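Every read-out reported here was derived from the displayed coordinates using simple, explicitly stated rules and does not represent laboratory data. On a predicted model such as this, the values are computed, not experimentally measured, just so you know. Glycine gets a Cβ as well: all are built from the backbone with ideal geometry, and neighbour counts include every protein chain shown.
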Amino acid sequence: MKMKKKMNCYWWHALIMSGCVLGLCVGIGGCVCVVENENGRIIIDISHRYQPDMPAWESKDSLGQFLWLTRSMANGSLANFSQFKLPAHSGTHVDAPGHVFDHYFHSGFDVDSLDLLLLNGPALLVDVPRDTNISAGVMKSLNIPRGVRRVLFRTLNTYRRLMYQKEFDTSYVGFTEDGANWLVENTDIKLVGKTSGFGLLCPNITEFRLRS
């Protein structure tokens, strides 16, 4: 693989869903790497860069230190040895079905069970109106064609630069219940990405996930 170029970045966070609609927690931040593989296909890495001052879920403090040099050759060790520790629900990540469904958790449905072919491939980037959550009306107005399987929703969260604040901001833009249901019932989307925050702004999130 050869590196083609780097571009300026935005930050993305995905809608959390499971079942037929998979929620990939993706992030555009730090830099976007555009890579061309041996078959000439372009792969765009939109992972957000992990850093100590990035927000952590439901925390007024930032993520904090997550990388330590525990052994050092300068201090007499045979090798330099680092320790990497942080919650799995940090930064750019994908949630396994077992994250929100206990029966999936006990059945071993972790991230290893996810379909990599679904997680990689062409995606449609759409801009959501900046003054609204993603409701059924908004979903309908976006006119996402049938056959599209992966969609990234760019929302007001991007322009507010929520990922560059130390404190987790609960006022993020997200899907309303009717918007999420409209997506499941009227599109072929199987993978959803959304800028910052969690996906649903409704209390009945489990019911929606089961329906999906």
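Brief remarks on what is shown
- Exposure proxy order (Cβ contacts within 10 Å, fewest to most) of Tyr164, Tyr172: Tyr164, Tyr172
- For region 61-195, the tally of Lys pairs with Cα-Cα distances below 20 Å comes to 4, considering only residues 8 or more apart or on different chains.
- Relative protection proxy for 46-52, 73-79, from highest mean packing down: 46-52, 73-79 (other beta-carbon atoms within 10 angstrom).
- Selected from Val138, Leu152, Tyr164, residue furthest toward positive end of dipole (region 112-170; charges at beta carbon): Val138
- Under 5 Å from the amide H of Val94 lie the amide H atoms of Cys25, each residue being 5 or more positions distant or on a separate chain, with H modelled from the backbone and absent for Pro and chain starts.
- Residues of region 136-158 with an amide N closer than 12 Å to a point placed 7 Å from the Cα of Leu125 along the Cα-to-Cβ direction: 152-155.
- Sequence of Ile43, Ile144, Ile189, Ile134 once ranked by neighbouring C-beta atoms within 10 Å, starting from the fewest: Ile43, Ile144, Ile189, Ile134
- Placing a label point 7 Å from the Cα of Asn186 along the Cα-to-Cβ direction, no residue of region 112-129 has a backbone N closer than 14 Å.
- Centre-to-centre, using Cα atoms only, region 150-174 and region 51-120 are separated by 20 Å.
- With the simple model of a label 7 Å out from the Cα in the direction of the Cβ, Ser72 to Ser107 spans 5.0 nm.
- Neighbour-count ranking [beta-carbon atoms within 10 angstrom, fewest first] of Glu167, Glu177: Glu167, Glu177
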